[in-house]
Amino acid sequence: MKIAPSILSADFSELAAEIERVASEADLLHIDVMDGHFVPNLTIGPPVVKSLRKRTELHLDCHLMVDNPGVLLDDFAKAGADGCTIHVELGDPRPLFERMRALGLAVGLTLNPETPLADVLPYIDEIDVLLFMSVHPGFGGQAFIPEVLDKLSAARRIVEQRHLAVELEIDGGIGVETASAAAAAGADILVAGSAIFGSDDPAAAARRIREAAWPTSS
Ligand code: DX5
Ligand code: ZN
């Protein structure tokens, strides 16, 4: 049961300070990497991760919304990323899983809202994290797509039946209103950007999301 603030909605001119403001309630940091091709937005790359690595010990999970993640993995690993998550829509992810393992990166796989669960199931016992996009990737602050919860709960059942170690994560439109449905469907990790960094008190906002999701845990 983890909260992963997405720094996409933080003030990029004060990233280290923004992370410090949320660190007490963050289990990991979600870093949205966009290349202007796979999604129509352009954000963060390895140099920023390298700078952040010096300022935080939090697990840095890089969500790679890029056409060619393979060319970036070495640089993210060198920069100090702890894990990378790649999109299944790009094709067979196995060669990249091997590269990530060799680089010591946690292995994440993600699927867009319209992508069927069947597309990721062949890999479910080879990954550390399965990330369900609950918005169309590219921008923070979009509305949660509730249909994604069916895929998440189906994956949760498979994980339980097969006693798999993979963590299930959901990203997009998560806030106090949607957190409990995401947790009930079986999410282990909630990513939230605008609901946390759009708040005057990001740590309090993260705490409220955690309490809404997992009331008995706090
Ligand atoms: C969207 C990103 C998300 C984004 C979520 O492409 O992958 O991580 O930061 O933002 P919110 O929480 O505002 O929907
Ligand atoms: Zn993301």
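Since every read-out is calculated from the coordinates, none of them should be taken as a lab result. Remember, it's a predicted structure, so these values are computed and weren't measured experimentally. Every residue, glycine as well, gets a Cβ built from its backbone with ideal geometry; the counts of neighbours run over all protein chains shown.
Some observations on this one:
- 3J(HN,Hα) along the range 194-209, derived from phi through the Karplus expression 6.51 cos²θ - 1.76 cosθ + 1.60 where θ = phi - 60°, amounts to 5, 5, 9, 7, x, 9, 5, 10, x, 5, 5, 5, 5, 5, 5, 5 Hz, with x in place of Gly and Pro.
- Projected-area average for the range 32-159 over all orientations - Cα convex hull basis, square nanometres: 7.8 nm²
- Springs between Cα atoms under 10 Å define the GNM used for the chain, and in it the highest mean-square fluctuation of Ala118, Ala16, Ala77 occurs at Ala118.
- Filtered GluC sites (Glu not before Pro), the range 1-78: DSSP coil and at most 16 other beta carbons within 10 Å: Glu57
- Whether the range 86-173 is rounded, prolate or oblate, judged on the alpha carbon gyration tensor where a/c under 1.5 counts as rounded: oblate
- Simple rule: put +1 on each Lys or Arg Cβ and -1 on each Asp or Glu Cβ in the chain, find the dipole, and look at Leu103, Met34, Ala187; the Cα lying farthest toward the positive end is Leu103.
- Global form of the range 1-71, assessed from the alpha-carbon gyration tensor, a/c cut-off 1.5: prolate
- Relative contact order (%) - the range 7-84, alpha-carbon pairs under 8 angstrom, separation at least six: 32 percent
- Theoretical ellipticity at 222 nm over the chain - DSSP helices of four or more residues, -39500 (n - 2.57) apiece, nearest 500: -9000 deg cm²/dmol
- Computed over the range 58-157, relative contact order equals 22 percent, with contacts defined as Cα pairs under 8 Å that lie 6+ residues apart.
- Farthest toward positive dipole pole in the chain [+1 Lys/Arg, -1 Asp/Glu at C-beta], among Leu117, Gly91, Ile158: Ile158
- Reciprocal mean inverse distance between Cα atoms of the chain - Kirkwood radius, Å: 17.0 Å
- Only Lys, Arg, Asp and Glu carry charge here, each on its Cβ (+1 for the first two, -1 for the last two); on that basis the chain has a dipole of about 340 debye about its Cα centre.
- Of all DSSP beta bridges in the chain, antiparallel share, percent nearest 5: 5 percent
- Cross-link pairs beyond the 30 Å C-alpha cut-off, checked among Lys50/Lys151; Lys2/Lys151; Lys78/Lys151: Lys50/Lys151; Lys78/Lys151
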